[in-house]
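The values are calculated or read from the model by the stated rules, or taken from the named source; none is laboratory data. Since the model is a prediction, treat every value here as computed from it, not as a measurement. For neighbour counting, all protein chains shown are included, and Cβ atoms are generated from backbone atoms with ideal geometry for every residue, glycine included.
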Amino acid sequence: MPRISDQSQIRKIKLKKLLNSGFNPYPARVKRTYTCEQALVEFDKLKEKINPTLVGRVRSIRLHGGSCFLHIEDGTAKIQIYLKKDKLGNKNYRFLTDTIDIGDFLEVTGQLFLTKKGEKTLLAKNVNIISKSLTPLPEKWHGLSDVEIRYRQRYLDLIANPEIKAIFQKRSLIIKTIREFLDSEDFIEVDTPILQSLPGGALAKPFKTHHETLNIDLYLRIAPELYLKRLIIGGFERVYEIGRCFRNEGIDRDHNPEFTQVEFYAAYQDYKWMMHFVEKLMVYLLEKVNKNLMIEYQGNQIDFTPPYPRLTFREAIKKYVKVDIDEYSDRESLVKKAKEIGLKIDKTFGRGKILDQIYKEWVRPEIINPTFITDYPIELSPLAKKKDGNDKYTERFQLLAGGAELTNAFSEINNPIDQKVRFEAQEKLRKAGDEETQRIDEDFLKALEYGMPPTAGIGIGIDRLVALLTNSHNIKEVILFPTLKPKK
């Protein structure tokens with residue numbers, strides 16, 4: 001087998017042969033009268049009556065003297081093409097079989113017939129190369145498994161692995177279905193800034209850039225939350241946005257520096273209403289996308305039939321870590337306990353960050369079936385309302401399933417004085433070295449002073465949701481072009 005560089009050189013020679021013979025192997029226009037799928041489905045109607053023109057990439061070639069069988073594949077299906085010397089003429093047949101390679105795109109007009117083996121086939125009457133491939137597909141293109149190549153050269157992954165293409169088709173359907181559901185519930189879709197003068201709406205380190213004309217630093221948004229709440233203040237009662245967010249954080253099975261999420265906000269509602277609404281959304285989504293409320297994920301059967309169990313943050317840590325966090329109300333005592341159970345503590349960690357690390361390390365991975373974790377400590381929730389009668393905790397929940405966090409939701413703070421105090425507490429943590437704190441957003445505080453109705457808000461990670469519903473262990477499998485370290 002010639003090396004890839006040798007094969008590429010051979011293909012360039014074939015390209016030159018095509019050009020010297022007056023053929024344009026890269027035409028701007030092609031004629032397609034049927035997709036491959038239509039030709040297969042409507043075979044009985046089309047055979048021997050109509051000469052369809054099909055297009056697609058060559059996926060296999062089998063030469064048998066004066067006959068050549070090949071398969072082409074478009075975005076709908078794969079079909080067999082039969083090149084016959086008697087039909088095309090000796091000169092034309094030899095020219096085509098000498099210049100066509102696996103990976104080329106063809107335009108083929110001919111007559112449909114059934115082979116002796118019962119395969120629906122197009123007998124070619126006219127063949128044009130419409131894109132000559134100069135680099136051969138990987139030798140094992142029918143089962144490309146090298147993860148590095150798959151992520152860096154996603155186009156090869158899509159060519160080689162049909163199941164990968166199916167994942168992204170399902171991803172598209174999931175997003176479409178979420179949008180359809182929210183539209184049906186009277187939410188209006190909006191766009192908010194990706195470039196922000198101050199990052200906010202989540203606890204995360206932002207990416208920073210600079211605008212030359214204005215001579216100001218800007219940040220890629222970590223969340224659209226504070227702008228969506230400005231719209232609630234402005235009079236919209238239900239808003240949502242599906243878009244990209246960016247966080248300058250580590251990369252693992254659940255995290256990518258850029259990711260997609262949907263955030264939506266409903267005025268005159270609280271987090272209890274939002275839990276019921278999320279159950280309703282999940283049922284709608286699963287029935288539309290999966291046709292079943294039961295899914296399989298990494299060897300586990302997960303049932304999305306409501307209602308979902310609810311555990312408070314405190315109860316969850318009690319259950320899975322055997323620690324009552326109310327007994328460790330200050331940072332010093334919590335640090336001591338955290339070290340006892342094996343948690344590494346950074347000196348910049350405040351009490352909330354330590355609790356969050358305990359939760360992520362020992363609670364979240366244990367929760368497989370859909371479960372609402374509710375009532376998070378105030379230190380972890382700078383944008384959520386305090387619980388009535390217990391200001392150590394907030395009206396916040398996350399929906400967990402398959403060991404991952406799918407949603408993050410609050411009864412939103414609408415008291416500007418309380419919000420300012422929370423922002424100031426976060427600013428103290430930032431000055432102590434925590435780069436993931438919420439900044440003081442004076443413009444948002446000014447907006448709150450004009451009045452915001454009681455509001456429920458939520459963010460849902462699209463990538464994690466798609467990973468769960470497609471049984472993908474790593475979110476890189478469901479992001480077409482995940483962030484990777486460049487090759488030197």
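For residues that are of a type in the set (A, V, I, L, M), under 19 Å from Ile345 (Cβ atoms) and assigned to a helix (DSSP H, G or I), tally how many sit in region 419-434. So the count comes out to 1. Candidates in region 360-389 are the residues that are part of a strand (DSSP E or B) and aliphatic (A, V, I, L, M); of these, the one that is modelled with the highest pLDDT is Ile373. In a residue-by-residue description of region 267-285, the property of being crowded, with 17+ Cβ neighbours inside 10 Å, of a type in the set (S, T, N, Q) and in a loop (DSSP other than H, G, I, E, B) applies to at least one position.
Among the residues in region 106-121, are any acidic (Asp, Glu), crowded, with 18+ Cβ neighbours inside 10 Å, closer than 19 Å to Ile10 by Cα and at pLDDT 95 or above? Within region 106-121 (the criterion being acidic (Asp, Glu), crowded, with 18+ Cβ neighbours inside 10 Å, closer than 19 Å to Ile10 by Cα and at pLDDT 95 or above), the answer is no, since none of the residues qualifies. On the stretch given as region 442-475, residues that are over 21 Å from Met274 (Cα atoms) and part of a loop (DSSP other than H, G, I, E, B) total 7.
Of all the listed residues (Arg422, Arg464, Arg430), the sole one being out of contact with any Cys (no Cβ under 6 Å at 6 or more places or on another chain), basic (Lys, Arg) and touching a residue at least 60 places away in the same chain (Cβ under 8 Å) is Arg464.
Matching residues to (1) within 15 Å of Asn128 (Cα to Cα); (2) in a strand (DSSP E or B):
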{"position": "Arg32", "(1), (2)": "yes, no"}
{"position": "Asp44", "(1), (2)": "no, no"}
{"position": "Glu48", "(1), (2)": "no, no"}
{"position": "Gln80", "(1), (2)": "no, yes"}
{"position": "Asp86", "(1), (2)": "no, no"}
{"position": "Gly110", "(1), (2)": "yes, yes"}
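Check whether at least one residue in region 77-100 is assigned by TED's automatic domain parsing to the domain that holds Glu37 and touching a Gly at 6+ places or on another chain (Cβ under 6 Å), and report yes or no. Yes, region 77-100 contains a residue that is assigned by TED's automatic domain parsing to the domain that holds Glu37 and touching a Gly at 6+ places or on another chain (Cβ under 6 Å). Report, by residue number, each residue of region 299-349 that is touching a Leu at 6+ places or on another chain (Cβ under 7 Å) and among the β-branched types (Val, Ile, Thr). Hits for region 299-349 are Thr305, Ile325. Of all residues in region 189-240, those satisfying the criterion of being surrounded by 13 or more Cβ atoms within 10 Å (Cβ to Cβ) and in a strand (DSSP E or B) are Glu189, Gln196, Leu218, Tyr219, Leu220, Arg238, Val239, Tyr240.
Conditions (1) closer than 18 Å to Ala223 by Cβ; (2) in contact with a Gly (Cβ under 9 Å, 6 or more places away or on another chain); (3) at pLDDT 95 or above, marked per residue:
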site: Gly433; (1), (2), (3): no, no, no
site: Asp443; (1), (2), (3): yes, no, yes
site: Leu448; (1), (2), (3): yes, no, yes
site: Pro453; (1), (2), (3): no, no, yes
site: Gly459; (1), (2), (3): yes, yes, yes
site: Ser472; (1), (2), (3): no, no, yes
site: Glu477; (1), (2), (3): no, no, yes
site: Leu480; (1), (2), (3): no, no, yes
site: Lys487; (1), (2), (3): no, no, no
